[in-house]
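What follows is one structure encoded as structure tokens, with my remarks underneath.
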Amino acid sequence: MNYNVSAHSWKRTHYTMEITPDLDGKEVTLTGWIKEIRDLGGIKFLLLRDKDGIVQITVPRDEVDRQIIEQVDKLQRQDCVSIRGTVRRMDKAPRGVEVTPKSIIILNTAKQPLPLDITGKTPADIDVRLDARILDLIRDEAQAIFRIRHVTLEAIREFFSKNGFIEIHTPKIIATATEGGANLFPVAYFEREAFLAQSPQLYKEQLVIDFEKVYEIGPTFRAEKSHTRRHLTEFISVDIEEAFATAEDVMSVAEQLLQHVCRTVNEKCRRELDILKYRVETPSIPFKRLTYDEVINELRENGIKISWGEDIPTVAYRTLGKLHPYFYFIIDWPTSLKPFYIKPRDGKPEISEGFDLMWHWIEIASGGTRVHNKDLLIKRLKEQNLNPESFKYHLQVFDYGMPPHAGWAIGLERLVMMLTGIRNIREVVLFPRDRFRLTP
Ligand code: AMO
């Protein structure tokens, strides 16, 4: 087959979704891939897919040239084609319109059989799908998820820009742990050992001296052993940090952001949400605030005993999610359960100014007021068995007029799970990484 056709001959005039009944009689050139083929004997229907959607290509055998029939008979799912043809209004066709081909250029063929059904009608196991992710992403549900993810990111950036935050990018190859020593991926960095960043925590805190209000949307890496439906080893973290702010101030930013994101997705992604048969209600604010003490009391009443100072295990979160099936904050955590940079409360240092933001039983975000006093920060590092010497460059910035500050991080994938109703985090990442998956 000759694929050596000039670009001139196959340039598209329209995207599929621009083909509407009012173009009846017009000649158009479309490019894309064959998604489905239906042969009724005397007539053949192809669904041509491009980035926006599909359009029906109708081939009545007694009306089109023999050469076209021969080409159409060779076509298989996922073949890449350019089709020039005439638009026809047709009530029975999807969106009330079809195209009858006058010429077809086959730009590339796809090897058959494909490893999975790109229409999604024959369900496949998630690992089979992830192994052939490029084909899997053609399914309507996957397209809907990633459009919602795109709109979510757009809404997040819009919100931060409007609210005076500046976008930053901090290094992902780093010399010291930010979230403590566990879960670090080492990297051979010439003659030295470096690590992949677990979060932009230290840099974002430092940068409030220069920019006051910063945000970052970037990859974070954790050598996470837990193989669950909500853990990845590489995920996108949406981080903020704000000078002269407290935990309560940044909790309010989180509430407003989530309200804005839910509203925007509901408005802009109706088609996608219909495909997923899901809709998250736009929340009213403020969200409920539960103290750690209230949480452990409530859990005790529901048969789960947690001693003060113990972390809350997943089973307990599941119970909590049933009691509070929406957004809520957990505040007033024991200081011992929070990272070294979270500020202990003045006059009651066993309680911290850290918080978690929950959606049902899943943690969406965590953050807090930070320690901005250098001596206290050194004390907190030591309490957590971290070596202040390893944090030399971070600590020196606390001599440069570090203001009081606060911030948080939202896990983007968990946010997208919430917005799409998807229960396995791998579905909302293009190429997920977990303990057992490093390819494709
Ligand atoms: P934390 O470690 O709680 O906080 O992470 C912030 C948010 O990131 C998401 N998340 C994950 N998502 C997928 N896979 C994982 N393995 C994973 N781990 C965390 C969660 C979580 O709430 N530096 C602090 C934030 C701060 O204080 O500003 C931090 O990283 O949604």
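Readers should treat all values here as calculations from the given coordinates under stated rules, not as data from a laboratory. Here the structure is a predicted model, which means the values were calculated and not measured. Counting neighbours? That spans all protein chains shown, and the Cβs are built from the backbone with ideal geometry, glycine included.
Counting neighbouring beta carbons within 10 Å and listing from fewest to most, the residues THR122, THR176 come out as THR122, THR176. Dipole size of the stretch 7-108 about its Cα centre, with +1 on Lys/Arg Cβ and -1 on Asp/Glu Cβ: approximately 180 debye, rounded to the nearest 20.
Per the Debye formula on identical point scatterers at the alpha carbon atoms of the stretch 7-108, with no solvent, log10 I(q)/I(0) at q = 0.11 Å⁻¹ is -0.26.
Dividing the C-alpha radius of gyration of the chain by 2.2 N^0.38 Å, with N its residue count, gives 1.21. Shown for MET251, MET90: other C-beta atoms within 10 Å of each C-beta, ranked fewest to most, produce the order MET90, MET251.
Only Cα sites of the stretch 113-198 enter the Debye sum here, all with the same form factor; the resulting log10 I(q)/I(0) across q = 0.18, 0.22 1/Å is -0.88, -0.91, listed in q order. Using the Cβ-Cβ distance between LEU137 and ASN373 with R0 set to 45 Å, the FRET efficiency works out to roughly 0.40.
Computed extension gain for GLU248 through ASP293, at 0.36 nm per residue and net of the alpha carbon distance, reaches 14.4 nm. Inter-label distance, ARG38 to TYR400: 6.5 nm, where each label sits 7 Å from its Cα along the C-beta direction. Each Lys or Arg adds one and each Asp or Glu takes one away; over the other residues whose Cβ falls under 11 Å from the Cβ of ASN302, this sums to +2. Between ALA175 and ARG229, the C-beta separation translates, for a Förster distance of 45 Å, into a calculated FRET efficiency of about 0.85. The residue list ILE105, GLY41, THR86 was ranked by how far each Cα lies along the charge dipole of the stretch 7-108 toward its positive end, using unit charges on Cβ atoms, and ILE105 comes out on top. Among the listed pairs LYS44/LYS74; LYS348/LYS382; LYS288/LYS322; LYS213/LYS268, those whose Cα-Cα separation exceeds 21 Å are LYS213/LYS268. Rounded to the nearest 20, the size of the Cβ-charge dipole of the chain about its Cα centre is 1140 debye, with Lys and Arg at +1 and Asp and Glu at -1. Neighbours of ASP311 by Cβ distance under 12 Å: Lys/Arg scored +1, Asp/Glu scored -1, total -2. Distance from the alpha carbon centroid of the stretch 338-407 to that of the stretch 54-91 works out to 64 angstrom. With the simple spin-label model, which puts each label point 7 Å out from Cα in the Cβ direction, the LEU114 to GLU281 separation comes to 3.9 nm.
Using 0.36 nm per residue and subtracting the Cα-Cα separation, the extra length available between PHE45 and LYS102 on full extension is 19.1 nm. Of all complete DSSP H helices in the chain, those with a Cα span along the helix axis of 27 Å or greater and a mean Kyte-Doolittle hydropathy of -0.5 or more are 140-162, 247-268.
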